[in-house]
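Colleague: Take this structure first; my questions come after.
Throughout, read-outs are computed from the coordinates displayed, never taken from laboratory work. All figures in this text were calculated on a predicted structure; none of them were measured in a lab. Quick reminder, even Gly has a Cβ in these numbers, built from the backbone with ideal geometry, and neighbours come from all protein chains shown.
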Amino acid sequence: MPDQRLKLAVQSKGRLSEGGMELLSKAGVRFAYGRDQLHRRAENLPLDLLLVRDDDIPSFVAGGACDYGIVGENVLYEMQARSPRYADLEVALPLGFSRCNLKLASPRDGTINSVEDLAGKSIATSYPGLTRRYLEARGIDAEIVEMRGSVEVAPRMRIADAICDLVSSGATLEANGLAAFQTVLESEAVMVRRKSARQPVVETVADKLIERMEGVIASAQTKYILLNAPRDRLNEIKALIPGSDAPTVAQIADRADVVAVHAVCRERVFWETLERLRAAGARAILVLPIEKMMA
Ligand code: ATP
Ligand code: ZN
């Protein structure tokens with residue numbers, strides 16, 4: 001009989017592991033303490049983690065060693081661009097963390113400032129598959145120089161004319177005298193799975209986990225807002241509450257001129273919003289985090 005526990009591949013150490021473990025924890029998954037470096041067994045769900053390098057996660061899922069994995073879109077799509085072996089993988093859920101961009105960049109004071117300028121030039125990258133596919137789609141013939149790390153030093157070391165690399169703040173580019181001129185891919189962490197050969201029993205567990213993860217992600221972006229509003233300015237105040245469809249309006253004891261407004265805001269609530277609400281006459285404004293959500 002096949003194993004009935006959901007096997008999930010997660011990066012063992014790095015930028016995806018912390019976000020991944022935090023998400024699992026907020027989704028209510030508890031793990032038994034153990035000394036095993038490779039496996040962690042959940043105590044309260046039929047779920048086992050496999051802790052591996054992020055670059056190996058698409059292989060583990062495509063090959064069937066794991067059912068799902070948490071990986072960056074950059075790694076997933078790079079593997080798919082390199083080999084048909086990964087064609088059966090799909091994104092089950094975008095997770096909203098580890099956001100970064102794969103960008104083309106060149107020396108700040110040089111002659112390469114657009115994709116067209118790359119014709120006949122060389123580009124250093126750890127993403128040869130995505131870079132080649134991007135250039136080919138635009139009819140640009142350039143040489144790809146594959147590097148495993150420190151791609152940003154390539155132009156200075158005269159290894160390549162330009163680079164295609166992951167960027168989050170842009171500080172590394174700037175420190176190396178480079179400027180980005182084109183985004184090739186916008187990436188975030190995702191839950192990946194096979195399209196085919198999934199096991200029904202395991203999928204039941206996966207559906208439950210994904211529903212909980214959706215709730216965690218939605219609640220992180222959602223706030224609960226409470227305020228008192230003068231009755232005669234209620235419509236104006238309701239219109240100022242961001243991303244809420246149906247606020248609750250309640251009577252306040254012994255006050256005919258003021259009502260209490262409660263609303264779920266599906267957008268970030270900025271200080272500017274609170275200031276506008278107060279200027280419209282709202283008082284006692286409270287913004288609370290929402291811990292869990294289920295529709
Ligand atoms: P491993 O040893 O597992 O191969 P790594 O060095 O490839 O680790 P990290 O640097 O931890 O991995 O990056 C993992 C993923 O995090 C990247 O593939 C990308 O999806 C995302 N990432 C990369 N750079 C950033 C960044 N600056 N900010 C946020 N997320 C990033
Ligand atoms: Zn890696």
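Colleague: Per the Debye formula with a single identical scatterer at each Cα and no solvent contribution, what log10 I(q)/I(0) holds for segment 222-289 at q = 0.16, 0.18, 0.22, 0.25 Å⁻¹?
Modeller: Treating every Cα as an identical point scatterer, log10 I(q)/I(0) equals -0.45, -0.57, -0.86, -1.11.
Colleague: At a temperature of 10 °C and a viscosity of 1.306 mPa s, determine how fast segment 114-241 diffuses translationally according to Stokes-Einstein, using the Kirkwood radius over alpha-carbon pairs as Rh; express D in µm²/s, rounded to the nearest whole number.
Modeller: 82 µm²/s
Colleague: Give me P(r) over segment 170-287, computed from all C-alpha to C-alpha distances, binned every 5 Å, as integer percentages.
Modeller: 2, 9, 14, 13, 9, 8, 9, 10, 10, 8, 5, 2, 1, 0
Colleague: Sticking with this one: Under 10 Å, Cα contacts only: if you run a Gaussian network model on the chain, which one of Y224, Y86, Y77 comes out with the highest mean-square fluctuation?
Modeller: Y224
Colleague: For the cross-link pairs K103/K292; K13/K195; K208/K238, which exceed 30 Å when the distance is taken from alpha carbon to alpha carbon?
Modeller: Flagged as over cut-off: K103/K292; K208/K238.
Colleague: Ok, one more. Given +1 on the Cβ of Lys and Arg, -1 on the Cβ of Asp and Glu, and no further charges, what dipole in debye does segment 222-289 carry about its Cα centre, rounded to the nearest 20?
Modeller: Roughly 100 debye, rounded to the nearest 20.
Colleague: What ³J(HN,Hα) values, in whole Hz, does the Karplus curve 6.51 cos²θ - 1.76 cosθ + 1.60 give for segment 107-124 when θ = phi - 60°, with x put for Gly and Pro?
Modeller: x, 4, 9, x, 9, 9, 10, 8, 4, 4, 5, 7, 4, x, 9, 10, 10, 8
Colleague: List the aspartates and glutamates whose Cα sits under 20 Å from the Cα of K121, skipping any in the same chain fewer than 8 residues away.
Modeller: List returned: D109, E136, D141, E143, E146, E152, D161, D165.
Colleague: Among 198-206, 126-134, how do they line up by average Cβ neighbours within 10 Å per residue, starting with the highest?
Modeller: 126-134, 198-206
Colleague: Roughly how many nanometres apart are two label points built 7 Å out from the Cα toward the Cβ at T183 and E291?
Modeller: Placing both labels 7 Å along Cα→Cβ, they lie 3.5 nm apart.
Colleague: Percentage of Cα-Cα pair distances in the chain greater than 25 Å, rounded to whole percent?
Modeller: 61 percent
Colleague: Place a point 7 Å from Cα of R276 in the direction of its Cβ. Which residues in segment 209-232 have their backbone N less than 20 Å from it?
Modeller: From segment 209-232, the list is 221-232.
Colleague: 5 Å is the cut-off here: which amide hydrogens, built 1.01 Å from N in the peptide plane, fall below it relative to V184, excluding neighbours closer than 5 in sequence?
Modeller: Counting only residues 5 or more places away or on other chains, the set is L102, K103, L104.
Colleague: Pull up all non-local amide H partners of K121: gap of 5 or more, or a different chain, and H-to-H distance under 5 Å with H placed in the peptide plane.
Modeller: Close amide H contacts, sequence-distant or interchain: E143.
Colleague: With all distinct Cα pairs included, what does the Kirkwood hydrodynamic radius of segment 1-118 come out to in Å, to one decimal, could you say?
Modeller: Result for segment 1-118 stands at 16.2 Å.
Colleague: OK, next. Given R₀ = 41 Å, FRET efficiency for R158-K13 by Cβ-Cβ distance, to 0.05?
Modeller: Efficiency for this residue pair is about 0.75.
Colleague: Here's a follow-up. Normalise the Debye intensity by I(0) for segment 100-187, one equal point scatterer per Cα, no solvent, then take log10 at q = 0.19 Å⁻¹ and round to two decimals.
Modeller: For segment 100-187 at q = 0.19 Å⁻¹, log10 I(q)/I(0) is -0.74.
Colleague: Pick from F31, F181, F270: which residue has the top mean-square fluctuation in a GNM of the chain where Cα pairs under 10 Å get a spring?
Modeller: Its mean-square fluctuation being the largest, the pick is F270.
Colleague: Report the extension gain between E90 and D141 in nm, rounded to one decimal, defined as 0.36 nm multiplied by the number of residues separating them, less their alpha carbon distance.
Modeller: Net length gain for the segment: 15.4 nm.
Colleague: On to the next question. Let me check I've understood the local charge: for L16, count other residues with C-beta under 14 angstrom from its C-beta, Lys and Arg +1, Asp and Glu -1. What total comes out?
Modeller: Every neighbour counted, the sum reads -3.
Colleague: Which order, highest average first, do 90-97, 246-253, 45-52 follow once you tally other Cβ atoms within 10 Å for each residue and take the mean per peptide?
Modeller: In descending order of packing, they fall as 45-52, 90-97, 246-253.
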